[in-house]
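> Sending over a structure as structure tokens; questions will come in a sec.
The values are calculated or read from the model by the stated rules, or taken from the named source; none is laboratory data. Quick caveat, the model's predicted, so the values are computed rather than measured. All Cβ positions, even for glycine, are placed from backbone atoms using ideal geometry, and neighbour counts span all protein chains on display. Protein only, heavy atoms only, side chains kept; ligands, DNA and RNA dropped before computing areas. Shrake-Rupley method; radii C 1.70, N 1.55, O 1.52, S 1.80 Å.
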Amino acid sequence: MASVPISPSYLLFFFLLLSPAFSLQQASKSRKERAGSGEAGSIEGGGESSLAAAVDPQLDCSGRWIHIRRLPARFNLDLLTNCSEYDLFYDFCPYLSNHGLGPKTHNRSHSWYRTDPFLLELIFHRRMLEYPCLTQDPNQAAAVYLPYYAAIDSLRYLYGPEVNNSMDHGLELFEFLQENDGWIWGRNSGSDHFLVLARPAWDFSQPPDLDPPIWGTSFLELPEFYNLTALVVEERLWPWQEQAIPYLTSFHPPNAELLDSWINRVEASRRTTLMLFAGGGGVSAQPNIRRSIRNECENTSDTFESNGGWYYYSKVCDIVDCANGKCEHDPILYMRPMLQSTFCLQPPGDTPTRRSTFDAIIAGCIPVFFEDQSARTQYRWHLPEEAYGEFAVHIPKEDVVYNGMKILDVLMGISRARVRRMRQKVIELIPRVVYRKHGRRSSSSVGWKGQKDAFDIAIDGALEKISSRVKGEEADVALEDLSSV
């Protein structure tokens with residue numbers, strides 16, 4: 001797809017679309033004035049008044065108030081002007097349309113887009129402006145949201161001119177938070193603040209004093225941000241402040257009717273393939289799980305005997321080749337095969353997690369994991385860990401790669417009755433891993449008839465996590481006061 005340069009005038013139009021209350025007088029100000037003014041009413045400054053409707057008097061916002069910090073545009077939307085600047089990173093300008101959802105897959109689509117998962121920060125910011133319990137008073141807030149596009153800003157450290165200064169990533173933000181209403185950060189040392197990172201936490205975990213620097217930035221390793229809650233697409237096991245939330249998929253239904261219509265299609269879909277792998281890799285000579293999957297698929301007959309009876313699939317194993325990012329923005333390539341498959345294999349790649357896990361769930365395809373870090377220990381808010389065995393299969397990758405275990409044998413050992421129960425459980429999870437399309441008519445109280453999506457669940461989890469953290473710190477202070485008496 002050809003590069004689409006993003007001009008300042010386009011960004012201004014973008015602001016106007018996102019902010020219906022953004023006046024012509026405000027629009028006439030220079031970018032510098034808008035960025036420094038701290039006015040509410042646009043996504044640029046993080047203001048919360050423009051898109052959020054008046055708070056419903058029947059809505060209980062106790063313990064749920066969130067304040068959006070007003071950040072200059074250099075920390076969020078101005079970063080989008082660099083969407084085609086980095087030669088070693090792909091041009092994501094074409095996917096900024098529809099407020100970050102990307103182009104529709106076809107003109108008549110209401111739910112399917114060519115969404116770039118890298119734009120989760122932008123989409124989350126847009127949804128935050130519609131959150132029903134926003135407050136302009138930080139003292140009333142249970143949590144403070146930072147609309148900082150950290151993953152997009154990291155590109156200048158990973159691929160751009162700041163590649164040798166990756167240990168500085170985040171310091172400019174911290175300086176701003178200290179120098180502008182610093183008391184908001186200082187009252188709890190940042191423990192009540194949260195943000196979203198659209199890359200795995202590993203990409204922000206380079207030790208600041210490492211010389212020479214390796215891949216990544218040091219954002220999550222800076223002592224200044226140790227108390228910050230980071231919602232990431234993949235967390236590490238030990239830092240308390242990190243929590244994984246689902247990757248963006250291409251499915252964004254704006255209302256309950258379209259969601260239900262899709263779920264009906266998933267339930268009615270004929271599963272003519274036993275197992276599917278949609279991805280790349282597995283072609284190297286070194287033993288690894290993806291190579292084992294490819295070898296097994298290429299050497300498996302479509303007719304076999306199991307559990308004492310003959311079962312026939314049009315395909316026992318299918319592979320959708322997604323090498324070199326060819327499936328990244330084209331859900332049509334993999335969604336139809338997933339709808340036709342009973343099991344979807346989710347081997348780790350460069351990191352344990354995959355966007356494909358959530359694509360598979362949306363298709364009602366039972367995920368098969370090969371290590372716990374791919375899902376079980378990651379998405380506890382969205383994929384209940386205690387019910388993991390009810391919707392997923394776990395096969396240790398070491399048994400497949402080194403001990404000769406056949407994936408086919410494991411899957412065919414699962415009774416058809418259990419497969420039906422597992423698929424139904426997967427289908428029940430669909431709303432929990434989908435990011436609903438933004439817009440007034442898609443708000444929490446209207447769009448899905450009160451049913452929560454991935455964003456809503458992430459907010460619930462962040463509020464609970466922050467509340468627990470702040471109350472723990474308050475208790476520690478109280479104990480210190482008592483001990484000093």
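> What is the one condition in (1) surrounded by 19 or more Cβ atoms within 10 Å (Cβ to Cβ); (2) without any contact (Cβ under 8 Å) to a residue 40 or more places away in the chain; (3) of a type in the set (D, E, K, R) that Glu298 does not satisfy?
(1)
> Just checking, which of Leu276, Leu248 is touching a Lys or Arg at 6+ places or on another chain (Cβ under 8 Å), hydrophobic (A, V, I, L, M, F, W, C) and open to solvent by less than 10 Å² (accessible area, probe 1.4 Å)?
Leu248
> Somewhere in the range 301-315, is a residue modelled with pLDDT of 80 or more, open to solvent by less than 60 Å² (accessible area, probe 1.4 Å), out of contact with any Gly (no Cβ under 6 Å at 6 or more places or on another chain) and closer than 18 Å to Val410 by Cβ?
Checking the range 301-315: not a single residue is modelled with pLDDT of 80 or more, open to solvent by less than 60 Å² (accessible area, probe 1.4 Å), out of contact with any Gly (no Cβ under 6 Å at 6 or more places or on another chain) and closer than 18 Å to Val410 by Cβ.
> Failed condition for Arg354, given (1) part of a helix (DSSP H, G or I); (2) open to solvent by 10 Å² or more (accessible area, probe 1.4 Å), with all others met?
Result: Arg354 passes all but (1).
> Another question about this same structure. Taking the conditions exactly as written (within 22 Å of Asp456 (Cα to Cα) and β-branched (Val, Ile, Thr)), does Thr351 satisfy them or not?
no
> Would you pick out the residues in the range 371-386 that are open to solvent by less than 10 Å² (accessible area, probe 1.4 Å) and either in contact (Cβ under 8 Å) with a residue 40 or more places away in the chain or not polar (S, T, N, Q) (or both)?
Answer for the range 371-386, where residues must be open to solvent by less than 10 Å² (accessible area, probe 1.4 Å) and either in contact (Cβ under 8 Å) with a residue 40 or more places away in the chain or not polar (S, T, N, Q) (or both): Ala375, Gln378, Tyr379, His382, Leu383.
> Within the range 322-345, track down each residue that is touching a residue at least 24 places away in the same chain (Cβ under 8 Å), farther than 22 Å from Phe118 by Cβ and open to solvent by 30 Å² or more (accessible area, probe 1.4 Å).
Across the range 322-345, the qualifying residue is only Gln340.
> Does Gly349 fit the bill of being at pLDDT 95 or above, open to solvent by less than 60 Å² (accessible area, probe 1.4 Å), under 30 Å from Pro103 (Cα atoms) and part of a loop (DSSP other than H, G, I, E, B)?
Here the answer is no, as Gly349 does not meet what is asked.
> Kindly indicate which of Pro138, Pro103 is open to solvent by less than 20 Å² (accessible area, probe 1.4 Å), modelled with pLDDT of 95 or more, more than 23 Å from Ile245 (Cβ to Cβ) and over 17 Å from the mean Cα position of the chain (by Cα). Steps first, please.
Working: Pro103 fails: open to solvent by less than 20 Å² (accessible area, probe 1.4 Å).
The match here is Pro138.
> Identify, from the list Val266, Val368, the residue that is buried (at least 18 other Cβ atoms within 10 Å of the Cβ), β-branched (Val, Ile, Thr), modelled with pLDDT of 90 or more and over 20 Å from Gly389 (Cα atoms).
Only one candidate passes the filter, namely Val266.
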